[in-house]
Each structure stands twice: as C-alpha cells, then as structure tokens.
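Okay, handing you the structure first.
The values are calculated or read from the model by the stated rules, or taken from the named source; none is laboratory data. Worth saying up front: this structure is predicted, and the values here are computed from it rather than measured. Note that we place each Cβ from the backbone using ideal geometry, even for glycine, and neighbour counts take in every protein chain shown. When the accessible area is computed, the model is the full protein with side chains, heavy atoms only, and any ligands, DNA or RNA have been set aside. Shrake-Rupley method; radii C 1.70, N 1.55, O 1.52, S 1.80 Å.
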Amino acid sequence: MLKITCSLLVFIYSLYVGPFATGGDQTSYREIYEQMGKMSFEEAILFYFRSLNSKEIVHLGFSYIFSSNGIDKDVFIAISNGVLAYVSAAVLLQFNASKIIIISIILTSFYFNVLYFSAERLKFGFIFLMLSILFRDRKVFFYILSVTSVLSHAQMAINYAAVLFSLLMMQIKRILVSGKISTKTFVIIFIII
C-alpha cells in the first residue's frame, strides 16, 4: 500500500508542479518531445541524437512512444515520476527501511525532486537501477535491467562499478583468509581489469 500511496502522491504532485518546470534542460526536452511525435521513428532518432548530443536510447524510446501517441509531456513526466517513486519505495521496503523514512525521502528529498523535474534521462537510469535491485536474485532479469539502466544514462555505470568493486573487496578478503580463489572472483577481477 505504501508503494502505491507514494506513487500516486508523486504522480499528482508532478502533474501540479511539472508545468512550471520549463527552464534549464527541460527547455530542450520539451521541444524535442513535442517535435518527436510528428516524426517517424528513424527521423526521431536522428533528431534526438542531434538535439541532445546524447546516445542514451532508453529515454529516447520512451519519449517517442509517449509523444507519438499524443500523450502530453507533463503526463509523461508524472507517470515516469510515479514509477520511480513506486520502485524506490519497493527497494527501500525490501531493505526494511522505516515507512516514515521512505515517505520522507520520496516526497521531500531534494535529490528526488531533481530526478522528478530536471534530470530526466538520469531518472530512467534510476528506475532501471531500482528494478535491477528488485530482481537481483533472478540473474537474467538483473542483467537485462542493469544494461538498460546504463543505456538510460551512462552515469549509472558508476553505480554498478561500485557494486563490483565492493564484491571484489569481499572476495579478496576471503582469498586472504582462506588462500583459495573462486571462478567468480577470477571473473570479477577480469571484468574490472
């Protein structure tokens, strides 16, 4: 219930605040979104890459789907913000965070507000990062969602590199204690190098 409540509150909040978030990056995003709906997918790809100087394809895909179906930009943002709130609450609940803390973070955090209204491509990276965390025990989904997260925003690779580094440090500690190296550790070392 908390996930749905956070999602709905953020969705409504976004519908109210979104129309006022028109400066900065949103100036370009709004223009691109409006123009893409009038183009073929091939034309939209070229236009998007030229306009944003970005090769992150996930945001492009979602923007094109919503724009070409005549969905208003502010509704698109509100839906994606609601999804971010939902998956973030799900991850925090999975890690037994306090409900008060979850609500506080999702509804009042400056950084979440930046994701909601300014850092549009990064928001999609975080949505898929959160989904990959939720599916961390189902390896195929985890890897697909992780790659999608990085394709949403290249900066997400830093988060996955940090996780790999942490796993590597745990394995090195185990190697030093036991004197044995596993195949998994060897693969992680190989990936990092």
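With the structure loaded, tell me whether Phe165 is open to solvent by 90 Å² or more (accessible area, probe 1.4 Å), farther than 30 Å from Arg30 by Cβ, part of a helix (DSSP H, G or I) and not hydroxyl-bearing (Ser, Thr, Tyr) or whether it fails that test.
Yes; evaluated as a whole, the condition is true for this residue.
Report yes if Phe141 is in contact with a Phe, Trp or Tyr (Cβ under 6 Å, 6 or more places away or on another chain) and under 29 Å from Leu167 (Cα atoms), otherwise no.
Yes: the conditions hold for Phe141.
Additional query: Quick one: would you say Arg121 is open to solvent by 30 Å² or more (accessible area, probe 1.4 Å), under 17 Å from Phe62 (Cβ atoms), part of a helix (DSSP H, G or I) and modelled with pLDDT under 90?
Criteria met by Arg121.
Which residues, taken from the range 1-37, are open to solvent by less than 30 Å² (accessible area, probe 1.4 Å), assigned to a helix (DSSP H, G or I) and of a type in the set (A, V, I, L, M, F, W, C)?
Answer for the range 1-37, where residues must be open to solvent by less than 30 Å² (accessible area, probe 1.4 Å), assigned to a helix (DSSP H, G or I) and of a type in the set (A, V, I, L, M, F, W, C): Leu2, Cys6, Val10, Ile32, Met36.
Under 8 Å between Cβ atoms, at least 6 apart or on separate chains: pull out the pairs that start in the range 20-47 with a residue that is closer than 22 Å to Leu115 by Cβ and end on any residue that is at pLDDT below 90 and not in a helix (DSSP H, G or I).
Ala21/Ser118; Gly24/Ser118; Asp25/Ser118; Asp25/Ala119; Gln26/Ser118; Arg30/Thr22
Between a first residue in the range 48-73 that is free of Cβ contacts under 8 Å to residues at least 40 places away in the same chain and a second residue that is open to solvent by 20 Å² or more (accessible area, probe 1.4 Å) and assigned to a loop (DSSP other than H, G, I, E, B), which pairs have beta carbons less than 7 Å apart while being 6 or more apart in sequence or on different chains?
Phe49/Lys55; Ser67/Gly37; Ser68/Gly37; Gly70/Gly37
On the basis of being out of contact with any Lys or Arg (no Cβ under 7 Å at 6 or more places or on another chain), of a type in the set (S, T, N, Q), under 20 Å from Thr22 (Cβ atoms) and open to solvent by less than 10 Å² (accessible area, probe 1.4 Å), does Asn81 make the cut?
yes
Sticking with this structure for a sec: Take Ile45 and decide whether it is modelled with pLDDT under 95 and of a type in the set (Val, Ile, Thr).
Taking the combined requirement at face value, the residue satisfies it.
Give Gln155, Gln171 a once-over and let me know the one that is at negative phi and within 22 Å of the chain's Cα centre (by Cα).
Gln155
I'm trying to understand the selection: among the residues of the range 84-98, which are open to solvent by 30 Å² or more (accessible area, probe 1.4 Å) and polar (S, T, N, Q)?
Gln94, Asn96, Ser98
Looking at the structure I just gave you, is Ala154 open to solvent by less than 80 Å² (accessible area, probe 1.4 Å) and not in a helix (DSSP H, G or I)?
yes
Suppose we filter the range 99-109 for residues that are over 14 Å from Val17 (Cβ atoms), open to solvent by 30 Å² or more (accessible area, probe 1.4 Å) and either over 18 Å from the mean Cα position of the chain (by Cα) or not β-branched (Val, Ile, Thr) (or both); how many remain?
5
Can you name the number of the only condition in (1) closer than 23 Å to Thr148 by Cβ; (2) among the hydrophobic types (A, V, I, L, M, F, W, C); (3) at pLDDT below 90 that Val17 fails?
Tallying (1) closer than 23 Å to Thr148 by Cβ; (2) among the hydrophobic types (A, V, I, L, M, F, W, C); (3) at pLDDT below 90, Val17 fails exactly one: (1).
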